[in-house]
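Accompanying notes for the structure given below.
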Amino acid sequence: MKNITTKKNTLRSAIAEARVVVSAEQTIISVRENQVPKGNIFEMARAAGLLGIKQTPHLIPDCHPIPIESAEFTFDLNALQILVRCSVSTIYKTGVEVEAMHGASIAALTMYDMLKPIDKAVEISAIRLIEKKGGKSDFHDKFLDRRDLKAAVVVCSDTISAGKKEDQAGKAIVAKLAESKVTVGLYEVIPDDPAAIKAKVDHCKGKFDLLIFTGGTGLSSRDVTPETLIPLIERRIPGMEEAIRNYGQNRMPYSMLSRSVAGLIGKMLVLALPGSTNGAKESMDAIFPEALHIFGIIGGKRHD
């Protein structure tokens, strides 16, 4: 199964439909008047469809078990066919289109089973997905060309700057920026020193759209990145800080000790992320590429 642990929970929905085609008008009349010998065809199809939705991961090998938070069925009679429509929604990391299609299919198959004693020519046709919402394509920045964005990545570490250790966290950030189609114009290592951090902020003003520091967000005596940056930041973005810590806390119990910072200096987004490789990578996973939406907003675009 595909690894979805790095994906974020979002509201996801899907609508699927299936068509049950009969051969005679009398069959439709029997359905409409609830005269089908095996019982109430709509209630049976609905119950079977709900079971089908819930059983999807047990029957489709690569489907993830997911919480189903809403499922509805509608049935429309039109000429010689019954249109079965299944709507499913959840808040989770992956979509529900297969669940919706499976639910519509099982509901239609139940109708087939109940109608075949009175209509030997009944058949199922056109099982299809009508729509799906909530995946990453729904949150794509249509007004933002990320290739125009330029980032600076600065590693704050006494040991790395002294050559005693190789940087991995900064490289993980660079890789995530490249994945998000952001150009990295500066990558440097500096010691855990307030003067050096301030100098990098001054150097990057007006030259970069993003300035990302990694390291110095912990609680040791040399972890001074947040204390240095907060007085310089003009507008804090608490939601991004919360998202980083929440994402990390779901993966390891010590993320609550990190003091990651996010905010604006002018129109430059400044981030202070953990210095561990996993901490830096997971922090980037938590907020990218969605964080880039900020550049459209500060440029005057609307959220929608």
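Listed by position, the strands (runs of 3 or more DSSP E) contained in region 1-113 that have at least 3 residues being closer than 30 Å to GLU282 by Cα are 10-21, 81-92. At positive phi and in contact with a helix residue (DSSP H, G or I) (Cβ under 9 Å, 6 or more places away or on another chain): is that true of GLY39 in this structure? So GLY39 fits the description; yes. Quick check: anything in region 209-218 within 22 Å of LYS281 (Cα to Cα), surrounded by fewer than 20 Cβ atoms within 10 Å (Cβ to Cβ) and touching a helix residue (DSSP H, G or I) at 6+ places or on another chain (Cβ under 9 Å)? Taking every residue of region 209-218 in turn, at least one turns out to be within 22 Å of LYS281 (Cα to Cα), surrounded by fewer than 20 Cβ atoms within 10 Å (Cβ to Cβ) and touching a helix residue (DSSP H, G or I) at 6+ places or on another chain (Cβ under 9 Å). For beta carbons closer than 8 Å, sequence separation of 6+ or different chains, a first residue in region 67-87 that is over 12 Å from ALA16 (Cα atoms) and a second that is part of a loop (DSSP other than H, G, I, E, B), the qualifying pairs are ILE68/VAL96; LEU80/VAL22; LEU80/SER23; LEU80/ALA24; GLN81/VAL22; ILE82/VAL22.
Number of residues in region 201-243 that are among the basic types (Lys, Arg) and within 18 Å of ALA162 (Cβ to Cβ): the value is 1. Filter region 219-237 for residues that are surrounded by 10 or more Cβ atoms within 10 Å (Cβ to Cβ) and farther than 16 Å from VAL201 by Cβ and give the result. Matches in region 219-237: ARG222, ASP223, ILE237. Is region 11-31 home to any residue that is in contact with a Pro (Cβ under 8 Å, 6 or more places away or on another chain), of a type outside the set (Lys, Arg) and in the same structural domain as LYS116 (by TED's automatic domain parsing)? For region 11-31, residues in contact with a Pro (Cβ under 8 Å, 6 or more places away or on another chain), of a type outside the set (Lys, Arg) and in the same structural domain as LYS116 (by TED's automatic domain parsing): absent.
For first residues located in region 17-30 and within 29 Å of ALA100 (Cβ to Cβ) and without any contact (Cβ under 8 Å) to a residue 60 or more places away in the chain, partners that are aliphatic (A, V, I, L, M) and surrounded by 18 or more Cβ atoms within 10 Å (Cβ to Cβ) and lie 6+ apart or on another chain with Cβ distances below 6 Å do not occur. The residue that is farthest from LEU50 (Cα to Cα), among those in region 62-88 that are charged (D, E, K, R) and at pLDDT 95 or above, is ASP76. Within region 149-170, does at least one residue satisfy the condition of being in the same structural domain as ASP285 (by TED's automatic domain parsing), in a helix (DSSP H, G or I) and surrounded by fewer than 18 Cβ atoms within 10 Å (Cβ to Cβ)? There is at least one residue in region 149-170 that is in the same structural domain as ASP285 (by TED's automatic domain parsing), in a helix (DSSP H, G or I) and surrounded by fewer than 18 Cβ atoms within 10 Å (Cβ to Cβ).
The values are calculated or read from the model by the stated rules, or taken from the named source; none is laboratory data. Computed from a predicted structure; not experimentally measured. Quick reminder, even Gly has a Cβ in these numbers, built from the backbone with ideal geometry, and neighbours come from all protein chains shown.
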